[in-house]
């Protein structure tokens, strides 16, 4: 039999023709609606493995971490080697498919020993999210979010009866009440506030030492994004918004699958006195362009060796807060030209 370790070494695959975006989305829709088609896709597809919701990562030739997509048949061999029923594969959840219509699924496995057999390491997502590059980070986050949702929605909230998932994992149904449940995200607004020449950055006590970020908060029931943004700024820092505009959005896996909607906002510089809500924030400070540019250059949490205090830094490029800060810095630099 082929060496198990050799199964998980990089392979040259026969290229498939590229699909259009529409054909790819319709293929995914078919897999979500047709259990038999999804079962067939799983047999020929790829798996992202997790252990207790920690994704399996491998190092590439440049010693950078990547998210390996393992062939279903290879994972079945590993399960058989460990004495596990390969039918466990049927519990995999559909994540996405590539531009060549290769479906990706995710599966949470019990055995951490699979690290050695799969030539990788299971890494906590909070750490992995900032070490992965390109599309790997959001793909790992989406897989974890789907697996976590299924683990926490095994029962109907109306009847208390067990729910049943379809093959793709795109929904769960209560056979007793007929209620259908779909994976959900909690809406969160994140905003970078400026008074025209400075931007406001804040930190919570749970942040890594020295890290400051844009302000964020969950939307209340019935609120619009604009209403949530104005309320959060009033509550947390005592500021009243004059103008605001939308920037971008991002799925954020922490604490449990949030939908981040990122905005910029301005306040009157004559009314920019911060009154901090200590129950929510540890600190908030107005930062100059020079401070922000210096913080953006830092790739790892710094420390000042003289006083043993953490330096000032901002979230990494994989976080949408970094995009907001980059956009503000670029805008300020253009104004100064």
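The values are calculated or read from the model by the stated rules, or taken from the named source; none is laboratory data. On a predicted model such as this, the values are computed, not experimentally measured, just so you know. For neighbour counting, all protein chains shown are included, and Cβ atoms are generated from backbone atoms with ideal geometry for every residue, glycine included.
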Being touching a helix residue (DSSP H, G or I) at 6+ places or on another chain (Cβ under 8 Å) and either in a strand (DSSP E or B) or loosely packed, with under 14 Cβ neighbours inside 10 Å (or both) is the filter here; which residues of region 40-52 pass it? 43, 44, 46, 47, 48, 49, 50, 51
Positions within region 101-117 being farther than 30 Å from residue 25 by Cα and surrounded by 19 or more Cβ atoms within 10 Å (Cβ to Cβ), in sequence order: 114, 117
Sort out which residues of region 131-142 are surrounded by fewer than 17 Cβ atoms within 10 Å (Cβ to Cβ) and touching a residue at least 60 places away in the same chain (Cβ under 8 Å), and write them in order of number. 131, 133
Tell me whether region 122-131 contains one or more residues that are part of a loop (DSSP other than H, G, I, E, B) and at positive phi. no
On the given criteria, is residue 210 surrounded by fewer than 18 Cβ atoms within 10 Å (Cβ to Cβ) and either closer than 30 Å to residue 335 by Cα or at pLDDT 95 or above (or both)? no
Among the numbered criteria (1) under 30 Å from residue 246 (Cα atoms); (2) surrounded by 15 or more Cβ atoms within 10 Å (Cβ to Cβ), which single criterion is violated by residue 167? (1)
Looking at region 145-162, can you tell me whether even one residue there is farther than 30 Å from residue 285 by Cα, at pLDDT 95 or above, touching a strand residue (DSSP E or B) at 6+ places or on another chain (Cβ under 7 Å) and part of a strand (DSSP E or B)? yes
Please pick out the residue among 276, 239, 324, 244 that is part of a loop (DSSP other than H, G, I, E, B), modelled with pLDDT of 90 or more, in the same structural domain as residue 198 (by TED's automatic domain parsing) and surrounded by 16 or more Cβ atoms within 10 Å (Cβ to Cβ). 239
Among residues belonging to region 80-98 that are closer than 17 Å to residue 51 by Cβ and part of a helix (DSSP H, G or I), point out the one that is nearest to the chain's Cα centre (by Cα). 91
Tell me yes or no: at least one residue of region 173-193 is free of Cβ contacts under 8 Å to residues at least 12 places away in the same chain, exposed (fewer than 15 other Cβ atoms within 10 Å of the Cβ) and not in a strand (DSSP E or B). yes
Qualifying positions in region 99-121 - farther than 24 Å from residue 165 by Cβ and in a loop (DSSP other than H, G, I, E, B): 99, 100, 112, 113, 118, 119, 120
